[in-house]
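Student: First the structure, which I've put down as C-alpha coordinates, then a few questions once you've had a look.
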Amino acid sequence: MARYRRVLLKLSGEALMGAAGYGIDPEVLRTMAAAVAEAASGTGLAIVVGGGNIFRGVSSSARDMDRAQADLMGMLATVMNALALVEALRACGAVAHVQSALAVGTAVPPFDRRRALECLERGEVVVFAAGTGNPFFTTDTAASLRALEIGAEIMLKATKVDGVYSADPKRDPSAVRYRRLGYDDVLARRLGVMDATAIALLREFRVPLRVFDMTSPGALARILEGADEGTLVEEGARCE
Ligand code: UDP
(Lines give C-alpha, C1' and ligand atoms only; values in the text may rest on other atoms or scores of the structure.)
Protein backbone atom coordinates (compact mmCIF):
# COMPACT_ATOMS: atom_id res chain seq x y z
CA MET A 1 0.00 0.00 0.00
CA ALA A 2 1.41 3.38 -1.00
CA ARG A 3 2.05 5.61 2.01
CA TYR A 4 2.32 8.84 0.01
CA ARG A 5 0.23 10.45 -2.69
CA ARG A 6 2.92 12.76 -4.00
CA VAL A 7 6.67 12.35 -3.77
CA LEU A 8 9.69 14.05 -5.33
CA LEU A 9 12.65 11.78 -6.00
CA LYS A 10 16.06 13.35 -6.69
CA LEU A 11 18.31 11.15 -8.80
CA SER A 12 21.77 12.47 -9.43
CA GLY A 13 23.37 11.88 -12.80
CA GLU A 14 25.78 9.49 -11.12
CA ALA A 15 22.85 7.15 -10.48
CA LEU A 16 22.82 6.40 -14.22
CA MET A 17 26.57 5.96 -14.54
CA GLY A 18 28.33 2.60 -14.55
CA ALA A 19 31.91 1.50 -14.08
CA ALA A 20 33.07 3.75 -16.92
CA GLY A 21 32.68 6.71 -14.56
CA TYR A 22 31.03 8.80 -17.24
CA GLY A 23 27.78 8.94 -19.18
CA ILE A 24 24.86 6.53 -19.09
CA ASP A 25 25.32 2.80 -18.58
CA PRO A 26 22.43 0.94 -20.28
CA GLU A 27 22.35 -1.80 -17.65
CA VAL A 28 22.38 0.66 -14.74
CA LEU A 29 19.69 2.71 -16.48
CA ARG A 30 17.51 -0.37 -16.98
CA THR A 31 17.86 -1.44 -13.34
CA MET A 32 17.13 2.07 -12.12
CA ALA A 33 14.06 2.42 -14.36
CA ALA A 34 12.74 -0.98 -13.31
CA ALA A 35 13.05 -0.03 -9.63
CA VAL A 36 11.27 3.28 -10.22
CA ALA A 37 8.53 1.78 -12.41
CA GLU A 38 7.81 -0.95 -9.87
CA ALA A 39 7.77 1.41 -6.90
CA ALA A 40 5.86 4.26 -8.54
CA SER A 41 2.50 2.57 -8.95
CA GLY A 42 0.01 4.05 -6.50
CA THR A 43 2.17 7.12 -5.78
CA GLY A 44 2.34 10.31 -7.80
CA LEU A 45 6.09 10.18 -8.34
CA ALA A 46 8.00 13.10 -9.81
CA ILE A 47 11.73 12.91 -10.47
CA VAL A 48 14.39 15.57 -10.77
CA VAL A 49 17.43 14.16 -12.51
CA GLY A 50 20.94 15.60 -12.31
CA GLY A 51 23.61 15.79 -14.98
CA GLY A 52 26.91 15.25 -13.18
CA ASN A 53 27.59 12.03 -15.11
CA ILE A 54 27.91 14.15 -18.26
CA PHE A 55 28.78 17.73 -17.38
CA ARG A 56 28.92 20.03 -14.38
CA GLY A 57 29.33 23.79 -14.54
CA VAL A 58 31.82 23.62 -11.68
CA SER A 59 33.89 20.74 -13.13
CA SER A 60 37.52 21.07 -14.20
CA SER A 61 36.56 20.67 -17.87
CA ALA A 62 34.59 23.93 -17.51
CA ARG A 63 37.40 25.88 -15.88
CA ASP A 64 38.07 28.16 -18.85
CA MET A 65 34.40 28.77 -19.55
CA ASP A 66 32.08 31.48 -18.49
CA ARG A 67 30.20 29.97 -15.54
CA ALA A 68 26.72 30.77 -16.79
CA GLN A 69 27.50 29.11 -20.15
CA ALA A 70 29.02 26.10 -18.42
CA ASP A 71 25.90 25.78 -16.28
CA LEU A 72 23.79 25.90 -19.43
CA MET A 73 25.72 22.86 -20.64
CA GLY A 74 25.15 21.19 -17.27
CA MET A 75 21.41 21.78 -17.57
CA LEU A 76 21.41 20.33 -21.10
CA ALA A 77 23.17 17.27 -19.68
CA THR A 78 20.21 16.76 -17.34
CA VAL A 79 17.89 16.89 -20.37
CA MET A 80 19.79 13.99 -21.95
CA ASN A 81 19.54 12.00 -18.73
CA ALA A 82 15.84 12.77 -18.43
CA LEU A 83 15.17 11.61 -22.01
CA ALA A 84 17.07 8.39 -21.36
CA LEU A 85 15.24 7.79 -18.08
CA VAL A 86 11.80 8.38 -19.57
CA GLU A 87 12.52 5.99 -22.44
CA ALA A 88 13.73 3.35 -19.99
CA LEU A 89 10.65 3.86 -17.78
CA ARG A 90 8.37 3.44 -20.80
CA ALA A 91 10.23 0.26 -21.74
CA CYS A 92 9.33 -1.00 -18.25
CA GLY A 93 5.64 -0.30 -18.91
CA ALA A 94 5.37 2.94 -16.92
CA VAL A 95 3.58 5.99 -18.29
CA ALA A 96 6.28 8.64 -18.02
CA HIS A 97 6.64 12.23 -19.17
CA VAL A 98 9.51 14.66 -19.34
CA GLN A 99 9.31 18.42 -18.86
CA SER A 100 12.17 20.85 -19.19
CA ALA A 101 12.79 24.11 -17.35
CA LEU A 102 14.80 25.30 -20.37
CA ALA A 103 13.17 25.68 -23.77
CA VAL A 104 14.66 22.99 -26.00
CA GLY A 105 12.44 23.48 -29.02
CA THR A 106 10.34 20.57 -30.16
CA ALA A 107 12.47 17.99 -28.34
CA VAL A 108 11.01 18.25 -24.85
CA PRO A 109 7.82 19.90 -23.59
CA PRO A 110 8.37 22.84 -21.27
CA PHE A 111 7.84 22.72 -17.52
CA ASP A 112 4.13 23.08 -16.89
CA ARG A 113 3.16 22.69 -13.26
CA ARG A 114 -0.54 22.14 -13.88
CA ARG A 115 0.07 19.48 -16.52
CA ALA A 116 2.57 17.80 -14.25
CA LEU A 117 0.01 17.72 -11.43
CA GLU A 118 -2.59 16.16 -13.75
CA CYS A 119 -0.12 13.44 -14.77
CA LEU A 120 0.84 12.75 -11.15
CA GLU A 121 -2.84 12.59 -10.19
CA ARG A 122 -3.25 9.80 -12.77
CA GLY A 123 -0.35 7.92 -11.21
CA GLU A 124 2.04 8.69 -14.08
CA VAL A 125 5.71 9.54 -13.60
CA VAL A 126 6.97 13.02 -14.45
CA VAL A 127 10.68 13.66 -14.94
CA PHE A 128 11.75 17.27 -14.55
CA ALA A 129 14.80 18.22 -16.62
CA ALA A 130 17.12 21.24 -16.81
CA GLY A 131 17.15 21.93 -13.09
CA THR A 132 15.70 25.31 -12.20
CA GLY A 133 16.48 26.65 -15.69
CA ASN A 134 18.94 29.11 -14.15
CA PRO A 135 22.71 29.02 -13.81
CA PHE A 136 24.39 29.04 -10.39
CA PHE A 137 21.87 26.54 -9.02
CA THR A 138 22.03 22.78 -8.59
CA THR A 139 19.58 20.03 -9.35
CA ASP A 140 19.28 19.47 -5.58
CA THR A 141 17.84 22.97 -5.31
CA ALA A 142 15.67 22.26 -8.36
CA ALA A 143 14.40 19.15 -6.57
CA SER A 144 13.44 21.16 -3.47
CA LEU A 145 11.73 23.75 -5.66
CA ARG A 146 9.75 21.16 -7.62
CA ALA A 147 8.87 19.35 -4.38
CA LEU A 148 7.23 22.55 -3.17
CA GLU A 149 5.54 23.21 -6.48
CA ILE A 150 3.90 19.79 -6.65
CA GLY A 151 3.04 19.76 -2.94
CA ALA A 152 5.21 16.70 -2.26
CA GLU A 153 4.71 15.15 1.17
CA ILE A 154 8.35 14.11 1.19
CA MET A 155 11.48 14.46 -0.88
CA LEU A 156 13.68 11.42 -1.41
CA LYS A 157 17.34 11.78 -2.22
CA ALA A 158 18.76 8.66 -3.82
CA THR A 159 22.40 7.97 -3.04
CA LYS A 160 24.81 5.05 -3.06
CA VAL A 161 25.13 4.92 0.74
CA ASP A 162 22.44 3.98 3.21
CA GLY A 163 21.94 7.42 4.73
CA VAL A 164 23.77 10.40 6.17
CA TYR A 165 26.97 9.75 8.13
CA SER A 166 28.90 11.87 10.59
CA ALA A 167 31.91 11.58 8.24
CA ASP A 168 32.70 9.81 4.97
CA PRO A 169 32.26 6.13 5.92
CA LYS A 170 34.71 5.07 3.17
CA ARG A 171 37.50 7.14 4.72
CA ASP A 172 36.63 7.24 8.40
CA PRO A 173 35.84 3.90 10.08
CA SER A 174 34.45 5.72 13.14
CA ALA A 175 31.73 7.40 11.03
CA VAL A 176 28.22 6.76 12.35
CA ARG A 177 24.97 6.81 10.41
CA TYR A 178 22.22 9.12 11.59
CA ARG A 179 18.64 7.85 11.61
CA ARG A 180 17.18 11.30 12.14
CA LEU A 181 18.42 14.85 11.80
CA GLY A 182 17.00 18.36 11.93
CA TYR A 183 17.61 20.66 8.97
CA ASP A 184 19.75 22.84 11.23
CA ASP A 185 21.96 19.84 12.09
CA VAL A 186 22.58 19.27 8.38
CA LEU A 187 23.54 22.91 7.86
CA ALA A 188 25.53 23.41 11.07
CA ARG A 189 27.46 20.15 10.78
CA ARG A 190 28.05 20.69 7.07
CA LEU A 191 26.97 17.14 6.41
CA GLY A 192 26.98 17.59 2.66
CA VAL A 193 23.55 16.01 2.20
CA MET A 194 22.55 18.66 -0.31
CA ASP A 195 23.60 22.25 -0.83
CA ALA A 196 22.45 24.84 1.69
CA THR A 197 19.94 26.46 -0.69
CA ALA A 198 18.18 23.14 -1.23
CA ILE A 199 18.05 22.40 2.51
CA ALA A 200 16.92 25.94 3.37
CA LEU A 201 13.95 25.67 1.01
CA LEU A 202 12.83 22.40 2.55
CA ARG A 203 13.29 23.81 6.03
CA GLU A 204 11.29 26.93 5.31
CA PHE A 205 8.33 24.97 3.95
CA ARG A 206 8.79 21.96 6.25
CA VAL A 207 9.12 19.28 3.63
CA PRO A 208 10.83 16.22 5.12
CA LEU A 209 13.77 14.68 3.30
CA ARG A 210 14.79 11.04 3.31
CA VAL A 211 18.28 10.11 2.15
CA PHE A 212 18.53 6.45 1.18
CA ASP A 213 20.51 3.88 -0.76
CA MET A 214 18.93 3.50 -4.19
CA THR A 215 21.29 0.64 -5.02
CA SER A 216 19.72 -1.50 -2.28
CA PRO A 217 17.19 -3.72 -4.11
CA GLY A 218 13.58 -2.74 -3.34
CA ALA A 219 14.57 0.26 -1.19
CA LEU A 220 12.50 2.80 -3.11
CA ALA A 221 9.41 0.57 -3.04
CA ARG A 222 9.79 -0.03 0.70
CA ILE A 223 10.19 3.68 1.42
CA LEU A 224 7.15 4.56 -0.66
CA GLU A 225 5.24 2.09 1.51
CA GLY A 226 6.44 3.92 4.61
CA ALA A 227 9.59 2.02 5.66
CA ASP A 228 11.99 3.90 7.94
CA GLU A 229 15.19 3.37 5.92
CA GLY A 230 18.21 5.61 5.57
CA THR A 231 18.17 9.02 7.26
CA LEU A 232 15.14 11.24 7.75
CA VAL A 233 15.75 14.99 7.91
CA GLU A 234 12.81 16.92 9.30
CA GLU A 235 11.80 19.91 11.36
CA GLY A 236 12.48 19.55 15.05
CA ALA A 237 14.06 16.08 14.75
CA ARG A 238 16.54 15.25 17.51
CA CYS A 239 19.80 14.09 16.07
CA GLU A 240 20.04 10.30 16.60
N1 UDP B 1 22.62 23.31 -13.27
C2 UDP B 1 22.30 24.67 -13.33
N3 UDP B 1 21.13 25.10 -12.78
C4 UDP B 1 20.26 24.26 -12.16
C5 UDP B 1 20.61 22.88 -12.07
C6 UDP B 1 21.79 22.45 -12.64
O7 UDP B 1 23.04 25.46 -13.87
O8 UDP B 1 19.20 24.71 -11.68
C9 UDP B 1 23.83 22.84 -13.96
C10 UDP B 1 25.11 23.01 -13.14
O11 UDP B 1 26.16 23.32 -14.03
C12 UDP B 1 25.31 21.63 -12.56
C13 UDP B 1 24.85 20.74 -13.70
O14 UDP B 1 23.72 21.46 -14.23
O15 UDP B 1 26.67 21.39 -12.25
C16 UDP B 1 24.41 19.36 -13.32
O17 UDP B 1 23.59 19.40 -12.19
P18 UDP B 1 24.07 18.77 -10.79
O19 UDP B 1 25.53 19.03 -10.59
O20 UDP B 1 23.13 19.25 -9.74
O21 UDP B 1 23.83 17.24 -11.09
P22 UDP B 1 24.04 15.96 -10.15
O23 UDP B 1 25.19 16.24 -9.24
O24 UDP B 1 22.78 15.78 -9.36
O25 UDP B 1 24.26 14.83 -11.10
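Student: Please compute the contact order of region 87-139 in relative form: average sequence separation of alpha-carbon pairs under 8 Å and at least six residues apart, divided by the residue count, as a percent.
Tutor: The value is 36 percent.
Student: Right, next: Considering only DSSP beta bridges with both partners in the chain, what is the antiparallel share in %, to the nearest 5?
Tutor: 15
Student: Please report the relative contact order for region 99-231, taking Cα pairs under 8 Å with a sequence separation of at least 6, and give it as a percent rounded to a whole number.
Tutor: 24
Student: Which whole-Hz ³J(HN,Hα) couplings does region 57-64 yield from phi under the Karplus relation 6.51 cos²θ - 1.76 cosθ + 1.60, θ = phi - 60°, glycine and proline marked x?
Tutor: x, 9, 6, 5, 5, 9, 5, 8
Student: As a check on your grasp of the helix formula, calculate [θ] at 222 nm for the chain: sum -39500 (n - 2.57) over DSSP H runs of n ≥ 4, divide by the residue count, round to the nearest 500.
Tutor: Only helices count here, giving -10500 deg cm²/dmol.
Student: Skip the ligands, DNA and RNA, and give the accessible area per residue of the chain with a 1.4 Å probe, whole Å².
Tutor: I get 48 Å² per residue for this part.
Student: Still on this structure: Quick one: pull the percent of accessible area on region 41-80 belonging to carbon and sulfur, 1.4 Å probe, ligands and nucleic acids left out.
Tutor: The nonpolar share, carbon plus sulfur, comes to 54 percent.
Student: While we're looking at this one, here's another question. Non-local amide H neighbours of Arg6 (under 5 Å, H modeled in plane, Pro and chain starts lacking H): which ones?
Tutor: Counting only residues 5 or more places away or on other chains, the set is Gly44, Glu153.
Student: From the phi of every residue in region 131-142, what ³J(HN,Hα) in whole Hz does the Karplus formula 6.51 cos²θ - 1.76 cosθ + 1.60 yield, where θ is phi - 60° and glycine or proline is x?
Tutor: x, 7, x, 10, x, 6, 10, 10, 6, 5, 5, 4
Student: Select from Val193, Gly163, Ala147 the residue farthest towards the positive end of the dipole of region 134-202; place +1 on Cβ of Lys and Arg, -1 on Cβ of Asp and Glu, and compute about the Cα centre.
Tutor: Looking along the dipole axis, the top candidate is Gly163.
Student: Evaluate the relative contact order of the chain (contact order divided by residue number), counting alpha-carbon pairs under 8 angstrom at least 6 apart; express in whole percent.
Tutor: Value for the chain: 23 percent.
Student: Among Leu11, Val58, Pro26, which residue has its Cα positioned farthest towards the positive end of the charge dipole of region 8-69, with +1 placed on the Cβ of Lys and Arg, -1 on the Cβ of Asp and Glu, and the dipole taken about the Cα centre?
Tutor: Result: Val58.
Student: Continuing with the same structure: Taking the Cα-to-Cβ direction at Glu225 and at Met1 and moving 7 Å from each Cα, how far apart do the two end points lie in nm?
Tutor: 1.2
Student: Here's a follow-up. Scan around Leu191 for amide H atoms under 5 Å from its own, H built in the peptide plane at 1.01 Å from N, and keep only partners 5 or more places away or cross-chain.
Tutor: The answer is none.
Student: Still on this structure: In debye to the nearest 20, how big a dipole does region 79-235 give about its Cα centre with +1 on each Lys and Arg Cβ and -1 on each Asp and Glu Cβ?
Tutor: Computed about the Cα centre, the dipole is about 200 debye.
Student: While we're here: Using a simple spin-label model with points 7 Å from Cα along the Cα→Cβ vector, what separation in nm is obtained for Glu204 and Tyr22?
Tutor: 3.8
Student: A further question follows. Roughly how many whole Å is it from the C-alpha centroid of region 215-240 to that of region 45-120?
Tutor: Cα centroid of region 215-240 versus Cα centroid of region 45-120: 26 Å apart.
Student: When the chain is fully extended, how far beyond the present Cα-Cα distance does Leu187 get from Asp66, taking 0.36 nm per residue of separation?
Tutor: The span from Leu187 to Asp66 would gain 40.7 nm if fully extended.
The values are calculated or read from the model by the stated rules, or taken from the named source; none is laboratory data. In this text the structure is predicted, and so the values were computed from the model without any measurement. Virtual Cβ from ideal backbone geometry, glycine too; neighbours counted across all protein chains shown. Only protein heavy atoms, including side chains, enter the accessible area calculation; ligands, DNA and RNA are left aside. Shrake-Rupley method; radii C 1.70, N 1.55, O 1.52, S 1.80 Å.
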